[in-house]
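Accompanying notes for the structure given below.
The values are calculated or read from the model by the stated rules, or taken from the named source; none is laboratory data. Because the structure is predicted, anything quoted here is derived from the model rather than measured. As a convention, Cβ positions derive from the backbone with ideal geometry for all residues, glycine included, and neighbour counts pool all protein chains shown.
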């Protein structure tokens, strides 16, 4: 199940870019990118990472989890991602069995494969995991060490 992230389109339009130009920037197929942007196809983790880096925003901002634009000097790391999925599950005192029920019946085998870095977690699943446990996608992806989803700071005059 792919998810459409409105800000992906908004940032492209705000930067006066065509879909084919963003595809070229990402090194992606020009015919595939529009399907990612529309939510028809699953955005690969590495492409979400490249997109956030290009726009100089956090993945949390890009996906609408946060209004804080932020940025990261680090790129996504699958080894860190696998460890952090495990860490968040343990922090919430959940077995893989209980987590599989929370994650809409996802099999324990899939969860184990994600936590051990054997299988790459689909981005839509990672997004739902982050929302469920109120944890930053940037943290999960290894882009930051701050587990919390950052809030935009509004300065009142």
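Tabulated values for the structure
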item: Filter pass, residue 85 being out of contact with any helix residue (DSSP H, G or I) (no Cβ under 6 Å at 6 or more places or on another chain) and within 26 Å of residue 4 (Cβ to Cβ); result: no
item: Hits in the range 25-50 (condition: touching a residue at least 40 places away in the same chain (Cβ under 8 Å) and surrounded by fewer than 19 Cβ atoms within 10 Å (Cβ to Cβ)); result: 42, 44
item: Every residue from the range 95-131 that is more than 28 Å from residue 26 (Cβ to Cβ) and assigned to a helix (DSSP H, G or I); result: 96, 97, 98, 99, 100, 101, 102, 108, 109, 111, 112
item: Residue count, the range 51-63 (criterion: in a helix (DSSP H, G or I) and either without any contact (Cβ under 8 Å) to a residue 60 or more places away in the chain or exposed (fewer than 14 other Cβ atoms within 10 Å of the Cβ) (or both)); result: 6
item: Members of the range 64-94 found to be at pLDDT 95 or above and part of a loop (DSSP other than H, G, I, E, B), listed by number; result: 92, 93, 94
item: Members of the range 79-104 found to be within 12 Å of residue 114 (Cα to Cα), surrounded by 14 or more Cβ atoms within 10 Å (Cβ to Cβ) and within 16 Å of the chain's Cα centre (by Cα), listed by number; result: 80, 81, 82, 83, 84, 85
item: Test result for residue 22, in a helix (DSSP H, G or I), surrounded by 12 or more Cβ atoms within 10 Å (Cβ to Cβ), free of Cβ contacts under 8 Å to residues at least 40 places away in the same chain and in contact with a helix residue (DSSP H, G or I) (Cβ under 8 Å, 6 or more places away or on another chain); result: yes
